[in-house]
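Q: Please see the structure below; I have some questions.
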Amino acid sequence: MAFTVTPWEVSGAIDYDKLVEQFGVSRIGPGLLKRIEAHAAKKGLPLHHMLRRNIFFAHRDLKWILDEYEKGNRFFLYTGRGPSGSTHIGHLIPWLFTKWLQDVFDVELYFQLTDDEKFLFNPKLELEDTQRLAMENALDVIAVGFKQGKTHIFSNTGYAKTLYPQACRVAKKLTFSTAKAVFGFGNDSNVGQIFFTSMQAVPAFLPSVQAGRNIPCLIPHAIDQDPHFRVTRDIMPRMGYYKPASVQCRFLPGLTEDGKMSASKADTAIYTTDDARTVRKKVLKHAFSGGQPTVEEHRAKGGDPDIDVSYQWLTFLEENDAKLTQVYHDYKSGRLLSGELKLMLVEKLNGLLTGHQKRREQARKRLDDFWVKD
Ligand code: TYM
């Protein structure tokens, strides 16, 4: 089956094995998991469930990051968001994991909001829209619970004086031919689009510029963003910096389909601002079910958790392994009905969102504590 994964389009039934091969990332093996687990244990934390379940499944140079850290050379974290609309649960996946990494390794986080990107790539958005959305999305970032004082959030247009000179240095080393090959640009692409990846490269080395010495960088993200960092990794050593390391997750699927949750399709997405009734309505109405058409048939034949979106979502969100395994077997044996499974997901989502929404409102007063501009 055909599928597409680029920074601007994700569709079809994604074959992650093929992606590992095509993108040239490495799988996270048991050796690396053990090492990360040992660091987590020092903070009294178990290995993150997204690592236990292979949701964060691939990486570049993670071994090197751990080697350096264990020698006392700390890395910093870098991740981001393209502010094209409201934040949805899919975006929270890499951020929740990034927060865990910040807790375990006690490191700085640089968070980029690419208001320029979303303006350049989305014909319907004005710059004022993406700038406003950047501030709204920043509330979600703060609500995730990153450490104040160690977390620096900025938008590309709001921090342009600092970012732009560095982006020029990247751009000078990036040919149109490479940008075309990696991102598929053509004659109808606007020139801002062609330049843009230079801006996304900058936070991977900006802390090194500011500190006057090279600092390792680790970038958590979903696999769609990898092409940007392939380009970045190619250029950084030529500028005298380390290649950034990265760690990639799978996509939380949309409620109704394969691929990834899309903010532009309201029915397939749960937004961080959806209230409890809306969440319940969306899940009950739209979540693709692996159940049988009638209760009798379901009790007799059982459901298929591997294609059931509610179950898939629980693998991303339910931390308790024993509980998740129980759900898997109960559903497969027909003991648990599709409606009941959906309600379990509704409860999980609403539990998560109630806390998030409270912290999100409080974040309005805390923006200045995190926001960096020039
Ligand atoms: P954006 O806004 O498309 O996505 C933000 C982050 O969420 C990940 N993501 C998902 N993860 C799991 N399931 C999904 N359904 C899902 N949808 C999106 C994305 O991979 C990303 O990590 N250009 C970037 C912004 C950016 C950035 C970065 C992202 C700038 N610098 C550094 C990661 C790392 C963008 O438009 O992301």
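All of the numbers you see were taken from the coordinates with simple rules; none came from a lab. Here the structure is a predicted model, which is why all the values come from computation and not from measurement. Methodologically, a virtual Cβ is constructed for each residue, glycine included, from the backbone with ideal geometry; neighbour enumeration extends over all protein chains shown.
Q: Kirkwood hydrodynamic radius for the chain: how many Å is it when counted over pairs of different Cα atoms?
A: 21.6
Q: Can you grab the distance from the C-alpha centre of segment 341-374 to the C-alpha centre of segment 123-187, Å, no decimals?
A: So the separation of the two Cα centres works out to 22 Å.
Q: What lysines sit close enough to residue 172 to cross-link, taking a C-alpha to C-alpha distance under 21 Å and skipping anything fewer than 8 places away on the same chain?
A: The qualifying lysines are 161, 180, 243.
Q: Which value, in debye to the nearest 20, describes the size of the charge dipole of segment 266-360 about its Cα centre when Lys and Arg Cβ atoms bear +1, Asp and Glu Cβ atoms bear -1, and nothing else is charged?
A: 420
Q: Which far-off residues, 5 or more places away or on another chain, put their amide H under 5 Å from the one on residue 80, with H placed in the peptide plane?
A: Long-range HN contacts for residue 80: 112.
Q: A follow-up question, please. Quick check for segment 266-360: number of Lys pairs with alpha-carbon distance under 18 Å, counting only pairs 8 or more apart or on different chains?
A: Lysine pairs satisfying the spacing and distance rule in segment 266-360 number 12.
Q: For segment 320-372, how big is Rg over Rh, using alpha carbon atoms and the Kirkwood form of Rh?
A: My calculation puts Rg/Rh at 1.29.
Q: Please express the Cα-Cα pair-distance distribution P(r) of segment 266-360 as a list of whole percents, one per 5 Å bin, running from 0 to the bin with the greatest distance.
A: Going from the shortest bin to the longest, the percentages are 3, 14, 25, 23, 17, 11, 5, 2, 0.
Q: So what J values fall out for segment 353-370 if you push phi through Karplus, 6.51 cos²θ - 1.76 cosθ + 1.60 with θ = phi - 60°, rounded to Hz, Gly and Pro as x?
A: 6, 4, x, 4, 5, 5, 5, 5, 5, 5, 5, 4, 7, 9, 3, 4, 6, 10
Q: At 20 °C and a viscosity of 1.002 mPa s, what translational diffusion coefficient does Stokes-Einstein give for segment 138-225, taking Rh as the Kirkwood radius over Cα pairs? Give it in µm²/s as a whole number.
A: Values: Rh = 15.1 Å.
Answer, rounded: 142 µm²/s.
Q: Where does helix 89-105 land angle-wise versus the long Cα axis of the chain, in degrees 0 to 90, nearest 10?
A: 70
Q: Right, another one. Measuring from a point 7 Å past the Cα of residue 53 along Cα-to-C-beta, which residues in segment 21-37 have an amide N at less than 15 Å?
A: Residues passing the 15 Å test: none.
Q: By how many nm would the segment from residue 367 to residue 150 grow when fully extended, if each residue of separation counts as 0.36 nm and the alpha-carbon distance is taken off?
A: My answer for the length gained is 76.8 nm.
Q: To test your reading of the geometry: what angle, between 0 and 90 degrees and rounded to tens, separates the Cα axis of helix 127-143 from the longest principal axis of the chain?
A: Compared with the principal axis, the helix lies near 60 degrees.
Q: While we're looking at this one, here's another question. Hey, can you grab everything whose amide H is under 5 Å from the amide H of residue 292? Only 5+ residues off in sequence or another chain; H modelled, so Pro and N-termini drop out.
A: The list, which skips near neighbours in sequence, is 298.
Q: If you take the charge dipole of the chain about its Cα centre, with +1 on Lys and Arg Cβ and -1 on Asp and Glu Cβ, which of 88, 353, 72 is farthest toward its positive end?
A: The residue sitting farthest along the positive end of the dipole is 72.
Q: Moving on. Please tell me which of these pairs span more than 20 angstrom C-alpha to C-alpha: 43/365; 147/365; 43/71; 150/365; 124/373; 118/150? List each step's numbers first, then the result.
A: Details: 43/365 30 Å; 147/365 15 Å; 43/71 18 Å; 150/365 18 Å; 124/373 26 Å; 118/150 26 Å.
Checking Cα-Cα distances, 43/365; 124/373; 118/150 exceed 20 Å.
Q: Right, something else. Please list, by residue number, every one of the trypsin sites (Lys or Arg not before Pro) in segment 1-48 that is coil in DSSP and has at most 16 other beta-carbon atoms within 10 Å.
A: 43
Q: Sorting check: for 306-313, 269-276, which peptide has the highest mean count of neighbouring beta carbons within 10 Å, and how do the rest follow?
A: 306-313, 269-276
Q: Here's something else I'd like to know. Normalised by the number of residues in the chain, what is the relative contact order in percent for Cα pairs under 8 Å and 6+ residues apart?
A: 20
Q: Output ³J(HN,Hα) for segment 310-321: one whole-Hz value per residue in order, computed from phi by the Karplus curve 6.51 cos²θ - 1.76 cosθ + 1.60 with θ = phi - 60°, and x for Gly and Pro.
A: Taking θ as phi minus 60°, the curve returns 4, 5, 4, 5, 5, 5, 7, 10, 8, 6, 7, 4 Hz for segment 310-321.
Q: Hey, what do the phi angles of segment 5-10 turn into as Karplus ³J(HN,Hα) couplings, whole Hz, using 6.51/-1.76/1.60 and θ = phi - 60°, x for Gly and Pro?
A: Result, ordered by residue: 9, 9, x, 10, 8, 10 Hz.
Q: Could I ask something else about it? Out of 131, 112, 252, whose Cα points farthest toward the positive end of the dipole of the chain (charges: +1 Lys, Arg; -1 Asp, Glu; placed on Cβ)?
A: After comparing all options, I get 112.
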